[in-house]
Amino acid sequence: MARPNPDYGKGVFRRRIFVRGEAGAVKVELEDGNHGFRVRLAHDGERVTDITVDTVRYPFNTCPEAVTPLRRIVGFALDGDAQALRERAVPGENCTHLFDMAALAVAHAGQKDLALDYLMAVEDQGATPARVEIRCNGQLVHAWTVKDHRVVSPPALAGQPMMRGFHAWASRAFDAPGLEAATALQRAYFVAQSRRHDFDPPAANPGIGDGMPQGCCYSYNHGAVERALRSAGTVRDFTHTPEKLLRFEP
């Protein structure tokens, strides 16, 4: 079983996502304290024609296998909505982060001059609420304070959940660009909770020991979780070095 992280309360979880559009393709890069992925989605202007994945850094040995369910996106019509994409690819059968990256690529396919640079920061929660924020191309989009998985401020959002039930209220509260940023921030908040735990030594903390439910993600599902061994030396702390995000350093 994982132990409490003695350094929790002193740091900041950081995540960066870069989305670049080009003729016939969208490239998405993601890096945070636990993950480093690159996705390239090719299209013909109407449908997804291919998707390739570079798994640079990942928490379990089974994570790279998740490219197989992700390839269900090939053939998806670019004018399909988010629900249709979820029904086709089934997020719970995928790596959560790879699916989200692919969904971003689909949403922005055809915008060949696009460049979106999302930078997220989630403070460790101490006695006071934690600040969580997201910037896009350097501009602040959302800044909230959160305590015990509920928004504290701004007052208009106070009491709203950051975990289960998030999408229901966020989809009512924000327009499309604002919802995209809010969803990215919620995903960062979810992964930031891993900072509460110390998973060393990795050999003593296999995936099955985390007790995560079926449908949480590919590596926690039956058939994979029994084989999911935690990767050694892959956790990073970008608290004081956000400039290193997306360098994918060894």
For the range 77-212, the per residue accessible area (1.4 Å probe, Å²) is 48 Å²
The set of residues whose placed amide H lies less than 5 Å from the amide H of V152, leaving out same-chain residues fewer than 5 positions away, is T145, V146, K147, G159
Stretched fully, the stretch from T52 through K10 gains (0.36 nm per residue minus C-alpha distance, one decimal, in nm) 11.4 nm
The relative contact order of the range 108-250, taking Cα pairs under 8 Å that sit 6 or more residues apart, comes to a percentage of 13 percent
Membrane-span-like helices (DSSP H runs, Cα span along own axis at least 18 Å, mean Kyte-Doolittle at least 0.5) in the chain -> 176-192
extent check for the range 1-109: Cα max minus min per principal axis, descending, whole Å, gives 51, 26, 23
Once amide hydrogens are built 1.01 Å from N within the peptide plane, the residues lying 5 or more places from D198 or on another chain with amide H under 5 Å from its amide H are R3, N5
Residue span R150 to E87: 0.36 nm per residue of separation minus Cα-Cα distance leaves a gain in nm of 19.8 nm
Rounded to two decimals, the Rg over Rh value of the chain from Cα coordinates and the Kirkwood Rh reads 0.95
Spelling it out for H142: with amide H atoms placed in the peptide plane at 1.01 Å from N, the residues 5 or more places away or on another chain with amide H under 5 Å from its amide H are I134
Residue-normalised 222 nm signal for the chain, counting each DSSP H run of n ≥ 4 as -39,500 (n - 2.57), nearest 500 deg cm²/dmol, is -5500 deg cm²/dmol
Under the Karplus relation with 6.51, -1.76 and 1.60 and θ = phi - 60°, whole-Hz ³J(HN,Hα) for the range 4-20, x at Gly and Pro, equal x, 7, x, 8, 5, x, 10, x, 9, 7, 10, 9, 10, 10, 10, 10, 10
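The values are calculated or read from the model by the stated rules, or taken from the named source; none is laboratory data. What you are looking at is a predicted structure, and each value in this text was computed from that prediction instead of being measured. Protein only, heavy atoms only, side chains kept; ligands, DNA and RNA dropped before computing areas. Shrake-Rupley method; radii C 1.70, N 1.55, O 1.52, S 1.80 Å.
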